[in-house]
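The values are calculated or read from the model by the stated rules, or taken from the named source; none is laboratory data. Note that the structure is a prediction, hence the values are computed from the model and not measured. Neighbour counts run over all protein chains shown; Cβ positions are idealised from the backbone, glycine included. Protein only, heavy atoms only, side chains kept; ligands, DNA and RNA dropped before computing areas. Shrake-Rupley method; radii C 1.70, N 1.55, O 1.52, S 1.80 Å.
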Amino acid sequence: SRTRSSKAEGARSTMMNADMDAVEAENQVELEEKTRLINQVLELQHTLEDLSARVDAVKEENLKLKSENQVLGQYIENLMSASSVFQTTDTKSKRK
């Protein structure tokens, strides 16, 4: 009776150890998955920060170029108005 009892306890102990090992392995897998996901989120955050900084730089460059274009447009307009080549002439009145 005593040997049966000790064999049963040994079997239960082995099963409990196996269950604990399985739970521990599952916990380890979950921990690795969480770690992987956290690293992925951090990488995506850095990528988003980089993209946001790039968008800001492009916006700034765009505003600068718009301003330069306005200045150049005004300069060209002034040159054209000052030049006799670009002056409009009334050809009908000259022909009469």
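For region 76-87, putting each phi into the Karplus relation 6.51 cos²θ - 1.76 cosθ + 1.60 with θ = phi - 60° gives couplings of 5, 4, 5, 5, 5, 6, 7, 8, 6, 4, 9, 6 Hz, in residue order, rounded to whole numbers and with x for Gly and Pro. Of the residues I76, L37, M16, the one whose Cα sits farthest toward the positive end of the charge dipole of region 1-80, with +1 on the Cβ of Lys and Arg and -1 on the Cβ of Asp and Glu, is M16.
Treating cross-link reach as a plain straight distance, find the aspartates and glutamates whose alpha-carbon is under 18 Å from the alpha-carbon of K34, omitting any fewer than eight places away in the same chain. Result set, ordered by chain and number: E24, E26, E43. Residue by residue, region 53-60 carries 3J(HN,Hα) couplings of 5, 5, 4, 4, 5, 5, 4, 4 Hz when phi is fed to the Karplus relation 6.51 cos²θ - 1.76 cosθ + 1.60 (θ = phi - 60°); x denotes Gly or Pro. Equivalent ellipsoid of region 1-80: semi-axes from √(5λ) of the C-alpha gyration tensor, largest first, are 76, 5, 4 Å.
The heavy atoms of E24 offer some 130 square angstrom of accessible surface to a 1.4 angstrom probe. The portion of the accessible surface of region 1-80 made up by carbon and sulfur, rounded to a whole percent, is 58 (1.4 Å probe; DNA, RNA and ligands excluded).
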